[in-house]
Amino acid sequence: MTAGIDLGMPATQAIRSDEDVVRVRQLVRTTAVAAKLSLVDQTKLVTAASELARNTLIYGGGGAAEVTTIDDGLRRGIRIVFTDQGPGIPDLDLALTDGYTTGGGLGLGLSGARRLVDDFDIRTGVGEGTRVTVTKWSR
Amino acid sequence: MALDAESRSRLSRLLTEHAERLTERWTGLVVASLRGRLSQAELARQVRELHRSMIDALAGGLTDLADEHGGELRAVLSELSRGRARQGFSATETAISVFAIKDALLELIEQDRDAATLRDFLALSALIDQMGLFTFESYVRTRESLIADQAEQLLELSTPVVKLWEGVVAVPLVGTLDSARAQVVMERLLQTLVDTGSPYAIIDITGVPAVDTQVAQHILKTVVAARLMGADCIISGIRPQIAQTIVALGIEFGDIATKASLADALRHVLRLTGVETTSRRARREA
């Protein structure tokens, strides 16, 4: 689970349309640049956010992303929490398998996003919505 | 404040009696607010039209701008706001054209301090406020449709297919590659392949800030479609951070050739087609 204290107010972006996915990407990129993440880490985090935001939109029926800059005393990081009130994921292991999709995509979004970040936490239950928390630390 | 029959007839008399002075003063105020960006003759025509349809609407039994007697007046107002929005005037500048009648009218009735006149003025003022709000709404609607048009034009603009060499076309992608743009890109590329009979296509993603699974899937589909038409595709513009992200995501481009830069991709294609490329300086030294 993510450690570290919050620095400043979290920025929240609602996810209701494709344009909002782009807005989440821009918000994450701006925050990552301000937190001085390297270009590679910025790109990885932005890509992970893009995948998770799109999942929130397509499978969760919309929701929100909350972006916070955090500090654990040694390094800075960005934490993003994606929440939706959708149907939830019945089989999490299956959903995290490369190439598995119920949509029509490549089936790499969720599993790929997990590999792109440092900490990855997912809470879900059928009918309870899904909450994904990811953190990327500066090196 | 609803208009009753009596005040309607008084108001319409007031507007008719002083028609000349009123429209002249009204036009003057509008001209001043727009600082000469529309001709006086044009503004005078608009003001006269608005003035006439206000009188007509009042004579027709108007109690509220939204009712059936206000149809003509609403049409004139939305025509006015459409024109202003398209000519690039601000919302305030548009609304002032309507609100200016209040000042003109107030100057007219100032010497007349009778209570009935004041009541009439207040009733008319409420109607003018409605007209102003309606103008504002039409203005915003026109602006929104302008923005939608521009978004569509941008979609077309931002996806050129260029011929790089005999038999080599390139698509430089810039910005976000969503489904709508991916569709446009694919159609353009496939059509250009047919039109030019090119056996090679280069898709350059230097200008795409993040390659996620959706972008990758759109690119892969475009490549497969081009292959079905007998053309070979090369993806260029894979920067280090993009390469690392693609690996972490687990996206596989299979046997599709990928290059770091557009120049590398072009050199690769030229070599495949048997064109010799040599550096002039190297030849001189040799």
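Bear in mind that the values in this text are calculations on the coordinates, not laboratory data. Since the structure is predicted, the reported quantities are computational estimates derived from the model, not experimental observations. Heads up, the Cβs are rebuilt from the backbone with ideal geometry, glycines too, and the neighbour counts pull from every protein chain shown.
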Among A:THR101, A:THR56, which comes first, second and so on when ranked by fewest other beta-carbon atoms within 10 Å? A:THR101, A:THR56
Report the relative contact order of chain B, percent, no decimals, based on alpha-carbon pairs under 8 angstrom and at least 6 residues apart. 13
Among B:ILE203, B:ILE242, B:THR159, the residue whose Cα sits farthest towards the positive end of the charge dipole of the range B:116-244, when +1 is placed on the Cβ of each Lys and Arg and -1 on the Cβ of each Asp and Glu, is B:ILE242
Tensor-based shape of the protein assembly as shown (alpha-carbon gyration tensor, a/c under 1.5 rounded, otherwise prolate or oblate): prolate
C-alpha long axis of helix A:39-58 to longest principal axis of chain A, angle in °: 30
Inter-chain shielding of B:241-253 (mean C-beta neighbours from other protein chains, 10 Å cut-off): 6
Identify all aspartates and glutamates with a Cα-Cα distance to A:LYS36 below 20 Å; exclude those on the same chain that are fewer than 8 residues away in sequence. A:ASP6, A:GLU66, A:ASP71, A:ASP72, A:ASP118, A:ASP119
Which shape class applies to the range A:1-97: rounded if a/c is under 1.5, otherwise prolate when a/b exceeds b/c and oblate if not, where a ≥ b ≥ c are the square roots of the Cα gyration tensor eigenvalues? prolate
Which residue, chosen from B:LEU105, B:SER279, B:HIS268, occupies the Cα position most advanced towards the positive end of the dipole of chain B, where the dipole is computed from +1 (Lys, Arg) and -1 (Asp, Glu) charges on Cβ about the Cα centre? B:SER279
Given a Förster distance of 30 Å, report the FRET efficiency between B:VAL224 and A:ASP98 from their Cβ-Cβ distance, rounded to the nearest 0.05. 0.90
Zone of B:THR63's modelled label, taken as backbone nitrogen in the range B:118-156 under 16 Å from a point 7 Å along Cα→Cβ: B:123-124, B:127
Compute the Cα gyration tensor for the range A:74-139, then decide on rounded, prolate or oblate, letting a ≥ b ≥ c be the square roots of its eigenvalues: rounded whenever a/c is under 1.5, prolate when a/b is larger than b/c in the other cases, and oblate in all that remain. oblate
Would you mind working out the magnitude of the charge dipole of the range A:1-127 relative to its Cα centre, with +1 at each Lys and Arg C-beta and -1 at each Asp and Glu C-beta, to the nearest 20 Debye? 340
Of A:LEU108, A:LEU37, A:LEU94, the one that fluctuates the most in a GNM where chain A has Cα springs shorter than 10 Å: A:LEU94
When B:TRP26, B:TRP165 are arranged by how many other beta-carbons sit within 10 Å of their Cβ, fewest first, they go B:TRP165, B:TRP26
Per the helix-only model, chain A has a calculated mean residue ellipticity at 222 nm (DSSP H runs of ≥4, -39500 (n - 2.57) each, divided over all residues, rounded to the nearest 500) of -11000 deg cm²/dmol
Reachable lysines, given that their alpha-carbon falls under 19 Å from the alpha-carbon of B:LYS163 and they are not under 8 places away in the same chain: B:LYS259
Whole-Hz Karplus ³J(HN,Hα) for the range B:133-147, in order, using 6.51 cos²θ - 1.76 cosθ + 1.60 and θ = phi - 60°, x for Gly and Pro? 5, 4, 4, 4, 5, 4, 4, 4, 4, 4, 4, 4, 5, 4, 5
For chain B, take the longest principal axis of its alpha carbons; what is the angle in degrees between that and the long axis of helix B:40-59, to the nearest 10 within 0 to 90? 60
Estimated [θ] at 222 nm from DSSP helical runs (n ≥ 4, -39500 (n - 2.57)) normalised by residues in chain B, nearest 500: -22000 deg cm²/dmol
What does the structure give for A:40-49 when I average, per residue, the other chain Cβ atoms found within 10 Å of the residue Cβ? 6
Compute, for the range B:162-285, the length of the dipole vector about the Cα centre, with Cβ point charges of +1 (Lys, Arg) and -1 (Asp, Glu) only. Units Debye, rounded to 20. 480
Using Cα pairs under 8 angstrom and six or more residues apart, how large is the relative contact order of chain A, in percent? 28
What is the packing order of peptides B:258-269, B:27-38, taking the mean over residues of other C-beta atoms within 10 Å and listing the highest first? B:258-269, B:27-38
Could you line up B:MET229, B:MET54 from fewest to most neighbouring Cβ atoms inside 10 Å? B:MET229, B:MET54
